[in-house]
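Notes for the one structure printed next.
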Amino acid sequence: MRWPVFLLVAALAAMLAGCAASQQPAGQASSPPQENTTLAQNQSPPVPLPALPPVPIAPDLRLNLIDISANLALNAPVNVTVIAYNQGSMPSPATKTAYYFDGALAGTADLAPILSGETGNSVFSITCASEGNHTLRVALDYQNEGNESNLQNNAGTKEFSCSG
């Protein structure tokens, strides 16, 4: 939600005026605050501002790329590189990346800690045992070891084919 500038300026001015009014010179006793229950003729009552949503303080890994050739040779291992981006406000811890070959878990690979705003990669190898079209699904931090703010952007799929 975007706030109109004049509302933000008015809220800031009201906060500053309240701080200045509450400060007493040293050595003087403060008197209890007095409530002004009457409004000037052309003055409107203050409008309460809704609270801003909190900014999540957590890592958020996002799958950026699954790098694999579109056509693989049958029974020949090939390296797959997965690139992850931490779009969260905190560094991510070391986690595991799971990879699924045609729906079955084929293995996991380490993903080193990634600083906020940085990328990291995970590399693993797969081998096509049968000809035809296949699907590789990758899930970053598949065990949620990083306590991320958003798990919906951690996975992706890549289609490829194997031929003999």
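The values are calculated or read from the model by the stated rules, or taken from the named source; none is laboratory data. Keep in mind it's a predicted model, so treat the numbers as computed, not measured. Backbone-built Cβ (ideal geometry, glycine too); neighbour counts: all protein chains shown.
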Check Gly103 against each of (1) on the phi < 0 side of the Ramachandran plot; (2) at pLDDT 90 or above and name the one condition it does not meet.
(1)
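Sort out which residues of segment 98-116 are among the aliphatic types (A, V, I, L, M), over 26 Å from the mean Cα position of the chain (by Cα) and surrounded by 14 or more Cβ atoms within 10 Å (Cβ to Cβ), and write them in order of number. Explain how you work it out, then say what you get.
Step one: filter segment 98-116 for residues among the aliphatic types (A, V, I, L, M), giving 98, 104-106, 109, 111-112, 114-115.
Right, trim to over 26 Å from the mean Cα position of the chain (by Cα) and you get 104, 106.
Result: Ala106, single match.
Just name the residue that is modelled with the highest pLDDT out of those in segment 24-77 that are β-branched (Val, Ile, Thr) and surrounded by fewer than 12 Cβ atoms within 10 Å (Cβ to Cβ). Don't jump to the end; show me each part of the working.
Within segment 24-77, the first condition is being β-branched (Val, Ile, Thr), and the residues that meet it are 37-38, 47, 55, 57, 66, 68.
Cutting the leftovers down to surrounded by fewer than 12 Cβ atoms within 10 Å (Cβ to Cβ) gives us 37-38, 47, 55, 57.
Working: Thr37: 53, Thr38: 56, Val47: 76, Val55: 60, Ile57: 81.
Filtering first and then ranking leaves Ile57.
From the list Asn133, Asn147, which residue is out of contact with any Asp or Glu (no Cβ under 6 Å at 6 or more places or on another chain) and at positive phi? Full working, then the answer.
Details: Asn133 fails: at positive phi.
Of the residues listed, the single one that is out of contact with any Asp or Glu (no Cβ under 6 Å at 6 or more places or on another chain) and at positive phi is Asn147.
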Can you name the condition, by its number, that Thr127 falls short on among (1) over 13 Å from Phe160 (Cβ atoms); (2) of a type outside the set (Lys, Arg); (3) in contact with a Pro (Cβ under 6 Å, 6 or more places away or on another chain)?
(1)
Filter segment 142-164 for residues that are in a strand (DSSP E or B) and charged (D, E, K, R); which is surrounded by the most Cβ atoms within 10 Å (Cβ to Cβ)?
Lys158
